[in-house]
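> I have a structure here, written as structure tokens, and I will follow up with some questions on it.
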Amino acid sequence: MKPAFKRLIPFTFIFIILPSSSFQESTEEIFLKKAGYYLSQDLLDKAIDLYLEVLKKDPYNFYALINLSSAYIKKGSFYEAYPYLKRLVRKYPERPESWINLAVCEIGIGDLRSAMKNLEKAEKLLDCPSFALYLHKGVIFSKMGKLEDAIRCYKKAELMNPEDPCLIFNIALAYDKKKDYKKAIIYYEMYLKKEVSQEEKRKVRERIEQLKLYLGR
């Protein structure tokens with residue numbers, strides 16, 4: 001009995017807030033802060049427009065590139081994000097966030113081998129965000145059908161942030177695909193307690209009912 005979900009939801013990404021300046025703000029800084037607010041409020045098109053304006057004047061601005069890619073990823077516009085992420089890793093190869101967002105984008109595109117290689121590059125760098133690293137390694141392994149490896153990575157991520165809705169859902173889905181339905185139900189029910197859309201909750205409730213019926217509960 002296969003789960004009805006067509007994709008792992010939702011994708012996560014790294015969004016970096018512009019640090020406060022003690023000096024008079026430039027036009028670029030004002031745009032970046034406004035764009036950051038729009039991104040945090042899911043006003044993605046407004047955020048994208050402002051980040052693109054910044055990049056017209058400063059094509060390699062780190063905050064514009066990383067957060068523009070995050071906005072595109074959040075929209076599911078992975079092909080639009082890709083060229084900006086390639087620019088980002090060329091200019092800032094020492095920043096693990098660059099490689100992680102590129103990997104997330106490649107997961108969305110379906111290039112899983114390249115995504116894993118880029119996560120491995122991030123892992124070797126100083127201050128690599130471990131939660132994002134293990135979460136997305138788990139996503140890749142799950143998509144490859146390597147469910148034991150996926151769950152192992154998810155469990156490492158769970159030690160760092162056990163309340164993350166994306167992680168909880170993906171653990172549930174991995175157990176579901178592994179046909180360990182009792183554990184899948186536990187994590188699906190945990191997911192229902194999180195602040196996610198009603199449509200997502202409806203689909204998860206339907207899956208829980210299917211699994212409970214299958215298990216005779």
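> Condition first: more than 16 Å from Glu209 (Cβ to Cβ) and crowded, with 20+ Cβ neighbours inside 10 Å. Now tell me which residues in the range 174-192 satisfy that.
Our first condition is that a residue be more than 16 Å from Glu209 (Cβ to Cβ); within the range 174-192, this holds for 174-175, 177-180, 183, 190.
Matches in the range 174-192: Ala174, Tyr175.
> Being touching a Pro at 6+ places or on another chain (Cβ under 8 Å), surrounded by fewer than 23 Cβ atoms within 10 Å (Cβ to Cβ) and modelled with pLDDT of 95 or more: is that true of Arg87 here?
The answer is yes for Arg87.
> I need the helices (runs of 4 or more DSSP H) fully contained in the range 99-168, keeping only those with at least 2 residues that are within 18 Å of Tyr79 (Cβ to Cβ).
Values: elements: 112-123, 130-143, 147-160.
In the range 99-168, 112-123 are the helices (runs of 4 or more DSSP H) which contain 2 or more residues that are within 18 Å of Tyr79 (Cβ to Cβ).
> Still on this structure: Kindly indicate whether Tyr63 is of a type in the set (Ser, Thr, Tyr) and surrounded by fewer than 24 Cβ atoms within 10 Å (Cβ to Cβ). Give the steps one after another, and end with the answer.
Details: of a type in the set (Ser, Thr, Tyr): yes; surrounded by fewer than 24 Cβ atoms within 10 Å (Cβ to Cβ): yes.
Here the answer is yes, as Tyr63 does meet what is asked.
> Follow-up question, since we're still on this one. Which one of these is among the basic types (Lys, Arg), more than 28 Å from Leu85 (Cα to Cα) and in contact with a helix residue (DSSP H, G or I) (Cβ under 9 Å, 6 or more places away or on another chain): Lys146, Lys121, Lys201? Please lay out each step first, then the result.
On the way: Lys146 fails: more than 28 Å from Leu85 (Cα to Cα); Lys121 fails: more than 28 Å from Leu85 (Cα to Cα).
Going through Lys146, Lys121, Lys201 in turn, the sole match is Lys201.
The values are calculated or read from the model by the stated rules, or taken from the named source; none is laboratory data. Not measured: the values here are computed from a predicted model. Heads up, the Cβs are rebuilt from the backbone with ideal geometry, glycines too, and the neighbour counts pull from every protein chain shown.
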